[in-house]
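Asks: Below are the structure tokens for one structure; questions will follow.
The values are calculated or read from the model by the stated rules, or taken from the named source; none is laboratory data. Only a predicted model underlies this, so the values are computations on that prediction, with no experimental measurement involved. Counting neighbours? That spans all protein chains shown, and the Cβs are built from the backbone with ideal geometry, glycine included.
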Amino acid sequence: MSFLTPLYLLGLAAVSLPLIFHLIRRTPKGRYPFSSLMFVTPSPPRLTQRSRIDNWLLLLLRGAALILLAAAFARPFLRSIAQLGVADIAGRKIAILVDTSASMQREGLWDQASRKVEEVLDDLGPGDDVALYRFDARHEVLVGFDNQSVVQPEQKASQLRAALAGLKPGWSASNLGDALVAVADEIDQLGNTDGQDIQTVRRIVLVSDLQEGARLDALRTYHWPSDVELVVRTVAPVAGNNAGLHLASGNETPREALRVRVSNSRDSAREQFTLHWEDRLGPIADQEPIHVYAPSGESRVVRVPLPPADTAADRLVLTGDDHDYDNRLFRIPTRQSELPLLYVGDDEEGQTGLRYYLERAFPETPERKVLLHACSPEELIATEDLDSANMVIVSSALAERQTDRLKGYVESGGSALIVLKDVATGSTIGRLMGPEVTLDEVEPVDYAMFGQIDFTDPLFSPFADPRFSDFTKIHFWQYRRITLPTDWNGRVLARFDSEAPLLLESSIGRGRLWLLAAGWHPKDSDLSRSTKFVPLLAGMLERATGGSKVATQYDVGDRVPIPGHRGLAGSISAPNGSTFELASDAASFDETNEPGVYTLTLDDAQVSFAVNVPAEESRTARMSADELGQRGVAPGQPVTRSEMADRLRQMRDVELEGRQKLWRWLIAVALAVLILETWLAGRLARSTVKPMETGA
Amino acid sequence: MSTADRFKTASRKGNAKSNSGLRGASYVDPTTLMRIKSLQMRAKVVVEGFYTGMHRSPYHGFSVEFSEYRQYSPGDDPRYLDWRLYARSDRYYVKRFEDETNLRCHLLVDMSQSMGFGSVAYTKADYAKTTAATLAYFLSTQRDAVGVLAFDEQVTEYLPPRFRPGHMHRLMLALERPLAGTATDLSKPLERIAELVTKRGLVVLISDLLAPIDALQTHLGYLHSRGHEVVVFRILDPAEIDFTFGKPAMFHDLESGRELYVDPATTREEYLRRFAEHRDGIRTACNSLGIDLYEATIDRPLELVLFDFLHARSRSGRRVSRRTQVGRGGPG
């Protein structure tokens, strides 16, 4: 006989209640006021004499009823022969998730992490299956779960140890949220698909420094599976003093100084740091170190004078903290690229013409300088500017030969914008896009406006935000209605409120052609005076130059776009000396695995870019304990195998008890005893009352 | 039927058991009497009932206005010769007046907390007040001056003896004050009355006398030696006399606030013994001083208290006359 809820057996103590009540009944209850106690002697309470049990049978019945009730509540059951042992527990699924972000490069952390993983591997029992994952900005399976039903833990553990031995922390940021979500999903589905008992423990052992810079965004929208438990094994450095050095602003706005941010972690005890320039070989000579004061938990933005131009200094180094991994800031001087632009038109000079506004639409920036060349339609045939131009803007009707030259430029991959300033340009369009395309002059009542805009197009997507999507202030006094053939395969990016196309994009050969149905000069519209004009043209230019170009600064793990890589041979040399050959169709380079200066060689042209440790990795203070809990993940203590066996035993007991339901019988007997007791008590009461009545 | 008659009828029907010794006598049932709120009305009911029942009283003929004719003997003041009687009977008689119009009665009423005890529907204090009120009313009908002194451990109220309109009302008000003090201390009020009352008079002490005997004896003796006539009514509850409590309980001393666990079954004998000792002590003290002591349990009809009072008066009258005779006979 066993009990499911043996604590209820404490209710057996209630058996003493009838006795206690019996005794209490004898203790003085009354309180008499009396005139004077001068003649009264106190008498000691003598309960024993009076605590004589009057009716043993009643007492026994009441005691029996209480015992039966207590026993019923304790849920008794007859245990079957099967006894559970530790070996009966179903195998556990344990996913070990190791943090390999840059912050794990701190001294001693990786050794600790390896030991923590070892501890988990040592605890493996028969039937346990274990997998090893690593994560930084991305997560990766190193050793996956076995799909076989019989798992050899020793074999698996040695497999994991081998994988762990080849693992070391990288330089990326840590995206803990993403990794947890992915592993939780995987381990959750694993338990459900292989048809195992629901009792299978699914556990994620996270080995990490839990730095506060780790990203947890993914957990915010994720519903953590209830049967996946998370056990956090935190590693902590011996010394927490860490400061990081990062670029505060991409552009060197005063050209002779670089703005950098020195951020000191919350658990740091140091406050004084110095900065100096270094080249490949070490610190450059004759430089004054810059002293920075940054209290713990705060950051300071410092303007660091650029190194002399005759040195090869490409990195700024911070000294004064205990951890070196985030103390170097690689820097490549900003390159200004020149973008030639050809304008073909014969409109008048001054504010009434188109060109006046075009010249002012492309101001010079540190990264870009637009060189606008203008020529008349007649000069188009001869000019060499067309071949070097990134984009051509045409506002006049062209003769057939000139049109053909333009078409050749577009078909070879160029971009052209034709502004339909008047219906005369219709012949040019007809030659470019087909004779069915015709133009009609439209002069709307009052004015026309933007009616429909395709904000999904890259040209308009920067305006998609509701703060910028108001185009209603742009008025068109007149425009040209473009009639398109039914089989036209281009896209209408914007329409007037009269449904007539406003801006079209059409692919011709490898290039693209934009048609704007009205000019931006005051005679046609006030487009040039609106805030949309400059971004719209800049967007066109960006698309014409092949999207984004190689910037000078990236973080580790960032994707570097490779623009204009039209089947040319190219390679990238990494800071550690290795070289990556680019595939002919590669649009980006993803192997920015370590900080340093990378060089992209593309068709004899070389472009360098710097890759640095992400700024989040310098926030090394440990995140608060409830940070994970607030996102629905409550890290718990691991359940040992014996605890697991207990839990399983308890569940079996519940099932057995549920089948036997002995408590019902006990309650029934208790009720019967109570009925008997009531009857007996009533009878005794009557028999004591009667003599009194007859006596009275 | 008068109010008094009605009460008498009620008494006959309902109070037979509690006053089994007085069965058949037509007295007002004290429980019924105490239901009358006005103290003066209670006193009136008792006194009028007393008058109505006077012809059946065994104490018939006693009165405060006791007077006598005495045969003249040489040495008596000839001014008091009753010449009319002489004319009728041809004998010399001296007309002897009691000093009754000059009788000054002090009612000393114990208002201590112990008087707040009552095992019946009312307390000893109620009974004591009613007794005092009855005596006062009775004496006022005899045109005597009555004063009252209420006390607990000290004097709380003092009205000097007067006979004038409105005095009775004030006296009743003074008696109706609620109990306030704690202990019974007879020494202070007795000292005080000895200070205040210089003229000889009647002092009626109404108390439960639940206090040490020694001081009581001293002060009563002092009062008696000043020439006052002292009558003591000891008001007791039947429960105090018989200690008829059943179950063990905490007993709460009304005066000291002390609490004792008492099992009456074991304590009763000892209580009765000590109570009897105390009672004998008081009795001995009063006897030695020649003070009349009457015990009144609070279920006793008040008329009987009045009889006791008159009995005491009559005894004192005889005592006085005896003393007078002896005194007068000396020089004669």
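Asks: At pLDDT below 85, of a type outside the set (Lys, Arg), within 15 Å of residue A:327 (Cα to Cα) and in contact with a strand residue (DSSP E or B) (Cβ under 7 Å, 6 or more places away or on another chain), is that true of residue A:294?
Replies: no
Asks: Let me ask you something else. Does region A:319-337 include one or more residues that are closer than 30 Å to residue A:409 by Cα and assigned to a loop (DSSP other than H, G, I, E, B)?
Replies: yes
Asks: Okay, moving on. Looking at region B:212-228, can you tell me whether even one residue there is among the hydrophobic types (A, V, I, L, M, F, W, C), free of Cβ contacts under 8 Å to residues at least 40 places away in the same chain, closer than 16 Å to residue B:185 by Cα and not in a loop (DSSP other than H, G, I, E, B)?
Replies: Within region B:212-228 (the criterion being among the hydrophobic types (A, V, I, L, M, F, W, C), free of Cβ contacts under 8 Å to residues at least 40 places away in the same chain, closer than 16 Å to residue B:185 by Cα and not in a loop (DSSP other than H, G, I, E, B)), the answer is yes, since at least one residue qualifies.
Asks: Could you say which residue among B:294, B:271 is closer than 23 Å to residue B:112 by Cα and within 8 Å of chain A (Cβ to nearest Cβ)?
Replies: B:271
Asks: Right, another one. When you go through A:576, A:593 one by one, which is the residue that is under 25 Å from the mean Cα position of the chain (by Cα) and either in contact (Cβ under 8 Å) with a residue 12 or more places away in the chain or not in a loop (DSSP other than H, G, I, E, B) (or both)?
Replies: Exactly one of A:576, A:593 is under 25 Å from the mean Cα position of the chain (by Cα) and either in contact (Cβ under 8 Å) with a residue 12 or more places away in the chain or not in a loop (DSSP other than H, G, I, E, B) (or both), namely A:593.
This table checks each residue for (1) of a type in the set (Lys, Arg); (2) buried (at least 17 other Cβ atoms within 10 Å of the Cβ).
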{"residue": "A:519", "(1), (2)": "no, yes"}
{"residue": "A:555", "(1), (2)": "no, yes"}
{"residue": "A:559", "(1), (2)": "yes, no"}
{"residue": "A:585", "(1), (2)": "no, no"}
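Asks: In the list B:200, B:164, B:192, which residue meets the criterion of being within 29 Å of residue B:287 (Cα to Cα), more than 13 Å from chain A (Cβ to nearest Cβ) and in a loop (DSSP other than H, G, I, E, B)?
Replies: Answer to the check: B:200.
Asks: Evaluate region B:145-156: report whether one residue or more is more than 14 Å from chain A (Cβ to nearest Cβ) and over 19 Å from the mean Cα position of the chain (by Cα).
Replies: Yes: one or more hits.
Asks: Might you check whether a residue that is assigned to a loop (DSSP other than H, G, I, E, B) and buried (at least 17 other Cβ atoms within 10 Å of the Cβ) occurs anywhere in region A:506-513?
Replies: no
Asks: Evaluate region B:112-119: report whether one residue or more is touching a helix residue (DSSP H, G or I) at 6+ places or on another chain (Cβ under 7 Å), in contact (Cβ under 8 Å) with a residue 24 or more places away in the chain, of a type in the set (Gly, Ala, Ser) and closer than 25 Å to residue B:227 by Cα.
Replies: Looking for residues that are touching a helix residue (DSSP H, G or I) at 6+ places or on another chain (Cβ under 7 Å), in contact (Cβ under 8 Å) with a residue 24 or more places away in the chain, of a type in the set (Gly, Ala, Ser) and closer than 25 Å to residue B:227 by Cα, one finds none in region B:112-119, hence no.
Asks: Only one of these is at pLDDT below 85, part of a helix (DSSP H, G or I) and buried (at least 17 other Cβ atoms within 10 Å of the Cβ): A:386, A:358, A:406. Name it.
Replies: Criteria check complete, one pass: A:386.
Asks: Turning to a different aspect of this structure: Tally time: how many residues in region B:156-184 are farther than 18 Å from residue B:199 by Cβ and surrounded by 18 or more Cβ atoms within 10 Å (Cβ to Cβ)?
Replies: The total comes to 9.
Asks: I would also like to ask the following. For the structure I just gave you, tell me whether residue A:482 is surrounded by 15 or more Cβ atoms within 10 Å (Cβ to Cβ), β-branched (Val, Ile, Thr) and in a strand (DSSP E or B).
Replies: Spelling it out, residue A:482 is indeed surrounded by 15 or more Cβ atoms within 10 Å (Cβ to Cβ), β-branched (Val, Ile, Thr) and in a strand (DSSP E or B).
Asks: Evaluate the following for residue A:625: is it of a type in the set (A, V, I, L, M), out of contact with any helix residue (DSSP H, G or I) (no Cβ under 6 Å at 6 or more places or on another chain), at pLDDT 85 or above and surrounded by fewer than 17 Cβ atoms within 10 Å (Cβ to Cβ)?
Replies: Considered against the rule, which asks whether it is of a type in the set (A, V, I, L, M), out of contact with any helix residue (DSSP H, G or I) (no Cβ under 6 Å at 6 or more places or on another chain), at pLDDT 85 or above and surrounded by fewer than 17 Cβ atoms within 10 Å (Cβ to Cβ), residue A:625 comes out as no.
Asks: Test residue B:222 against the criterion of being within 14 Å of another protein chain (Cβ to nearest Cβ) and among the aromatic types (Phe, Trp, Tyr), and give yes or no.
Replies: No.
Asks: Right, next: For the condition within 14 Å of another protein chain (Cβ to nearest Cβ), out of contact with any Asp or Glu (no Cβ under 6 Å at 6 or more places or on another chain) and modelled with pLDDT under 85, what is the one hit in A:26, A:79, A:52?
Replies: None of the others qualify; the one that does is A:26.
Asks: If you don't mind, another one. The conditions are (1) at pLDDT 85 or above; (2) farther than 24 Å from residue A:103 by Cα; (3) exposed (fewer than 13 other Cβ atoms within 10 Å of the Cβ), and residue A:286 fails exactly one of them. Which is it?
Replies: Evaluating residue A:286 over (1) at pLDDT 85 or above; (2) farther than 24 Å from residue A:103 by Cα; (3) exposed (fewer than 13 other Cβ atoms within 10 Å of the Cβ) leaves (1) as the failure.
Asks: Only residues that are more than 19 Å from residue A:525 (Cβ to Cβ) and buried (at least 23 other Cβ atoms within 10 Å of the Cβ): list them for region A:416-427, please.
Replies: Residue satisfying the conditions is A:416 alone.
Asks: Just wondering, is there one or more residues in region A:90-100 that are modelled with pLDDT of 80 or more, closer than 30 Å to residue A:616 by Cα and among the basic types (Lys, Arg)?
Replies: Checked against the condition, which is being modelled with pLDDT of 80 or more, closer than 30 Å to residue A:616 by Cα and among the basic types (Lys, Arg), region A:90-100 yields no hits at all.
Asks: Which residue pairs have Cβ atoms under 7 Å apart, sit 6 or more places apart or on different chains, and have a first residue in region B:233-247 that is within 18 Å of residue B:293 (Cα to Cα) and at the interface with chain A (Cβ under 10 Å from one of its Cβ atoms) and a second that is of a type in the set (Asp, Glu) and in a helix (DSSP H, G or I)?
Replies: none
Asks: Follow-up question, since we're still on this one. Among the residues of region A:297-313, what is the count of those that are of a type outside the set (Gly, Ala, Ser) and over 29 Å from residue A:239 (Cα atoms)?
Replies: Qualifying residue count for the region: 6.
Asks: What are the residues in region A:485-505 that are assigned to a strand (DSSP E or B), among the charged types (D, E, K, R) and more than 22 Å from residue A:435 (Cβ to Cβ), if any?
Replies: A:495
Asks: Return yes or no: is residue A:413 over 23 Å from residue A:521 (Cα atoms), out of contact with any strand residue (DSSP E or B) (no Cβ under 9 Å at 6 or more places or on another chain) and of a type in the set (Gly, Ala, Ser)?
Replies: In short, no.
Asks: Can I ask one more? I need the full set of residues from region B:121-141 which are in a loop (DSSP other than H, G, I, E, B) and within 13 Å of another protein chain (Cβ to nearest Cβ), in order please.
Replies: B:123
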